[in-house]
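First comes the structure, then the notes that go with it.
Bear in mind these aren't lab numbers, they're just calculated from the coordinates by the rules spelled out. Because the structure is predicted, anything quoted here is derived from the model rather than measured. So basically every Cβ, Gly included, is an ideal-geometry build from the backbone, and we count neighbours across all protein chains shown.
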Ligand code: DC
């Protein structure tokens, strides 16, 4: 791990790096590598929504049902984040459904904020720069072409031993992005002061270097 040349946050202020963007744009890989590089804690906020969606599915309820989704979010336990089955396409769609319920988002907000404020953090999600930490010192909105994103997710599923046809992965990714961008509460969108980072033609190493250059450039 190396440390930055100059302090990135004022003395005493936790450094918050917000990474938002659509599904499979490379946010998670970038956020994890940035956190390791800068010595910051990392929070995958999608996991909170996935675990909530999973709880609803396990209860045999509909993730679009606001009452069931809210009850699941309020009952969430730390160990829910370690359970298997959170990375499946089914859990992703359930996460996107529960994420549209305002009371679910409210229930998960305090945890995200206290995680970041404890020691600073890199957080990835859909509304980190707009809602969770609108005052984050650094905001990146990570995108890639729909084809590149679907192909990456397809490869991930292959590697995980749960292959699906590319067309199905593409359709589910599109459905999720549309749902996440169209919801009324905390929709996925770049914060006005976010820097866009298109990873279509970048590998993980190149994306990390560009992100570090963005983070280290002088801000006013
Ligand atoms: O990042 P992910 O693919 O694991 O997220 C799963 C779903 O959770 C995503 O489709 C929308 C929702 N989500 C959200 O609404 N807000 C966040 N900050 C993170 C995820």
- [ ] Enumerate the residues in the range 90-120 having an amide nitrogen under 15 Å from the point lying 7 Å beyond the Cα of residue 65 toward its Cβ.
- [x] 98
TODO: Could you work out how far helix 27-38 tilts from the main Cα principal axis of the chain, as a 0 to 90 degree angle to the nearest 10?
DONE: 40 degrees
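Could you please tell me the mean projected area of the C-alpha convex hull for the range 96-220, averaged over all directions and given in square nanometres to one decimal?
On the way: hull surface 36.2 nm².
For the range 96-220, the mean projected area of the Cα convex hull comes to 9.0 nm².
So if each residue of separation counts as 0.36 nm, and I subtract the Cα-Cα distance between residue 214 and residue 93, what length gain in nm does that give? Provide the component values of the computation, followed by the final result.
On the way: separation 121, 0.36 × 121 = 43.56 nm, distance 3.20 nm.
Value of the extension gain: 40.4 nm.
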Task: Calculated P(r) tail over 17 Å for the range 93-135, as whole % of Cα pairs - done: 31 percent
- [ ] Would you mind computing Rg(Cα) / (2.2 N^0.38 Å) for the range 154-220, counting N as its residues?
- [x] 1.49
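Relative contact order of the chain, please, whole-number percent, based on alpha carbon pairs below 8 angstrom and at least 6 residues apart. Don't jump to the answer; show the numbers that get you there.
Values: 350 pairs, mean separation 69.3, N = 220.
Rounded, it is 31 percent for the chain.
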TODO: Calculate how steeply helix 146-159 sits against the longest principal axis of the alpha-carbon atoms of the chain, using the helix alpha-carbon long axis, and give the answer as 0 to 90 degrees to the nearest 10.
DONE: 70 degrees
Task: Isotropic mean projected area of the C-alpha convex hull, the range 123-174 (nm²) - done: 4.4 nm²
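Quick one: which of 38-47, 205-214, 92-101 comes out on top by average Cβ neighbours within 10 Å, and what's the full order, highest first? Show your work: numbers first, answer last.
Values: 38-47: 19.1, 205-214: 15.5, 92-101: 24.3.
Result, highest mean Cβ count within 10 Å first: 92-101, 38-47, 205-214.
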Task: log₁₀ of I(q)/I(0) at q = 0.14 Å⁻¹ - the chain, Debye sum with one point per alpha carbon - done: -0.85
Open item on the list: Per q in 0.11, 0.14, 0.15, 0.21 Å⁻¹, report the Debye log10 I(q)/I(0) for the range 1-119, using one uniform scatterer on each alpha carbon and no solvent.
Closed with: -0.42, -0.64, -0.72, -1.17
Task: Gained length - residue 118 relative to residue 58, 0.36 nm times residue gap less alpha-carbon distance - done: 18.4 nm
Task: Two-site FRET efficiency, residue 203 against residue 167, from Cβ-Cβ distance with R₀ of 22 Å, rounded to 0.05 - done: 0.30
